[in-house]
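The values are calculated or read from the model by the stated rules, or taken from the named source; none is laboratory data. None of these values were measured; they are calculated from a predicted model. Glycine also receives a Cβ, built like all others from the backbone with ideal geometry; neighbour counts cover every protein chain displayed.
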Amino acid sequence: MGRVAVIGYAATPVGRLQPRTGDAGSLEHEVLADVVLRAVEMAQVDKSDIGGLSFAQPRPYTQQKYFGTFMASYLQLPCDGFVAEVLGNGMTGGLAFEHAADNIRSGRAKVALALGVNYETAISSGEHMMSSMRAVGDVDFQAPFGITPIAWYAMDMMRYMHEFGATREDVATVAVKNRHHASLNPLAQYRKPITLDEVMAQPTIVYPLGLYEVPPRSDGAVCLVLADEDVARASGRPYVVVRGTGFHHEGAHQITATPNDMIALNAAQKAGGQAFAEAGLKPSDLDFAEPYAPCTIVEVLVSEALGIVPRGAGAKFAAEGRTSLGGDIPISTSGGLTSRGHPAYVTPLYNLLEAVEQLMHQAGDRQVQDASVGLATAELGNYNAALVHILERVS
């Protein structure tokens, strides 16, 4: 099978896009259609070349149902390969990307779009949280007690601080770093720089995580144009290839009853190992990493699980500036989920877009110098499953 390339991309700035009841505003399909047109224009492919559409399934709050087939109609885009919506909690956008890539590898399409839109900001916090609690664990056992997604990350952080002697301040520097990165990213939801004192002064969401250490609710729309490498090579322009992919599901639903090392992120270790083995690379070969990390502590844990930083040193590396732009290994150059924003079902596509933009040397003031190899991840929830992509620039 030939390699899969990314040859075009576009996205909306992350933020509040969903119109509230009675307000004028753009509908989901209008926003996504504009993004598709810009991505395809960048890719310089003809509409007739597109053989497949892999959609991140929209949130249940989306007005239009059968969204994928509706969008194919709205774009007037017949496809011989596939039109599909995929769903996998926080991994949804990553699975859409992998679905498109697999269909290119299999020969069903030469060019395909991985795309999606996430609208959720006009929905009440209560309704959104009730839905989130039902996703976290067993609806008969865990959901009635009100455990939220942030609660498991808070438990992870408590364990990490106990295990390795890290302080709240050490972990909180991740939020400061990522806000600095976001200040350089025109797609980021929050771009005003913050200080460590400001992070520490915020209201507690679930102890020990405060407001700036958890993700906001966000809307967004994004499209990546994938192609067989022959198509990318024929363009005569630089492009990005998928060099390695890894996936592992623990067989546990986010909170497992089986005793394990809760902060080792076993799924990320295994998926990362697969991706590095397929790529023939080591973590030290990376120029940057763009992990799916809803909270500050998750960035610390996943960077350790992938071998990007030593076990127990992730918070220390952040505090020392070693994971900042200009440091040893820049992490979350987009601003990460806490500052770039977290339109959950398409967040992995935003992560992949950041990786591609860095590798295309189009990241502006946040550009990692001479970036040639990068990594992006996605998770299902508390990294009970992980999807890892290693991407490489081809000039």
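Going through the stretch 316-337 one residue at a time, which ones are without any contact (Cβ under 8 Å) to a residue 24 or more places away in the chain and in contact with a Ser or Thr (Cβ under 6 Å, 6 or more places away or on another chain)?
F317
Within the stretch 274-311, can you find the residues that are in a helix (DSSP H, G or I) and in contact with an Asp or Glu (Cβ under 9 Å, 6 or more places away or on another chain)?
F276, A279, T296, I297, V298, V300, L301, V302
Search the stretch 138-166 for residues being over 26 Å from the mean Cα position of the chain (by Cα) and of a type in the set (D, E), and hand back the single one that is modelled with the lowest pLDDT.
Here the answer is D140.
Here's a check for you: in the stretch 200-233, which residue that is surrounded by 18 or more Cβ atoms within 10 Å (Cβ to Cβ) and part of a helix (DSSP H, G or I) is nearest to the chain's Cα centre (by Cα)?
Looking at the filtered set, the residue picked out is E213.
On the basis of being over 15 Å from G93 (Cβ atoms), touching an Asp or Glu at 6+ places or on another chain (Cβ under 9 Å) and of a type in the set (G, A, S), does A56 make the cut?
no
Take the residues in the stretch 13-30 that are in contact with a Ser or Thr (Cβ under 8 Å, 6 or more places away or on another chain) and modelled with pLDDT of 95 or more; name whichever of them is farthest from A122 (Cα to Cα).
It comes out as V14.
Has the stretch 68-80 got any residue that is closer than 22 Å to L380 by Cα and not hydroxyl-bearing (S, T, Y)?
yes
Would you please name the residue that is modelled with the lowest pLDDT, looking only at residues in the stretch 49-71 that are surrounded by fewer than 18 Cβ atoms within 10 Å (Cβ to Cβ) and of a type outside the set (D, E)?
So, considering only residues that are surrounded by fewer than 18 Cβ atoms within 10 Å (Cβ to Cβ) and of a type outside the set (D, E), the one modelled with the lowest pLDDT is Q63.
For residues that are among the β-branched types (V, I, T) and under 26 Å from A43 (Cα atoms), scanning just the stretch 234-263, find the one that is surrounded by the fewest Cβ atoms within 10 Å (Cβ to Cβ).
V241
Mind listing whichever residues of the stretch 37-82 are of a type in the set (G, A, S) and more than 28 Å from P238 (Cα to Cα)?
Once the filter is applied, which keeps residues that are of a type in the set (G, A, S) and more than 28 Å from P238 (Cα to Cα), the stretch 37-82 yields G68, A72, S73.
Which is more than 28 Å from T92 (Cβ to Cβ), among the small types (G, A, S) and assigned to a helix (DSSP H, G or I), of A135, A154, A172?
From the options A135, A154, A172, the qualifying one is A172.
Condition test on A315, is it in a helix (DSSP H, G or I) and in contact with an Asp or Glu (Cβ under 6 Å, 6 or more places away or on another chain)?
It is true that A315 is in a helix (DSSP H, G or I) and in contact with an Asp or Glu (Cβ under 6 Å, 6 or more places away or on another chain).
Applying the selection to the stretch 50-98, what residues are without any contact (Cβ under 8 Å) to a residue 60 or more places away in the chain, outside any helix (DSSP H, G or I), more than 24 Å from R20 (Cα to Cα) and β-branched (V, I, T)?
V83, V86
Only one of Y160, Y190 is assigned to a helix (DSSP H, G or I), in contact (Cβ under 8 Å) with a residue 24 or more places away in the chain and either among the hydroxyl-bearing types (S, T, Y) or at positive phi (or both); which?
Y160
Would you say A114 is touching a residue at least 40 places away in the same chain (Cβ under 8 Å), in contact with a strand residue (DSSP E or B) (Cβ under 9 Å, 6 or more places away or on another chain) and over 21 Å from V31 (Cβ atoms)?
no
Does A252 satisfy the condition of being within 28 Å of F164 (Cα to Cα), out of contact with any Ser or Thr (no Cβ under 9 Å at 6 or more places or on another chain) and either at pLDDT 95 or above or small (G, A, S) (or both)?
no
Out of curiosity, is L353 of a type outside the set (V, I, T) and part of a strand (DSSP E or B)?
no
Residues V302, V231, V242: which one is within 25 Å of H99 (Cβ to Cβ), in contact with a Pro (Cβ under 7 Å, 6 or more places away or on another chain) and modelled with pLDDT of 95 or more?
V302 is the lone residue from the list that is within 25 Å of H99 (Cβ to Cβ), in contact with a Pro (Cβ under 7 Å, 6 or more places away or on another chain) and modelled with pLDDT of 95 or more.
Among (1) part of a helix (DSSP H, G or I); (2) over 18 Å from V298 (Cα atoms); (3) in contact with a strand residue (DSSP E or B) (Cβ under 8 Å, 6 or more places away or on another chain), which single condition is D197 missing?
(3)
For the stretch 288-312, give me the residue count where each residue is at negative phi, in contact with a Lys or Arg (Cβ under 9 Å, 6 or more places away or on another chain) and small (G, A, S).
Matching residues across the stretch 288-312 total 1.
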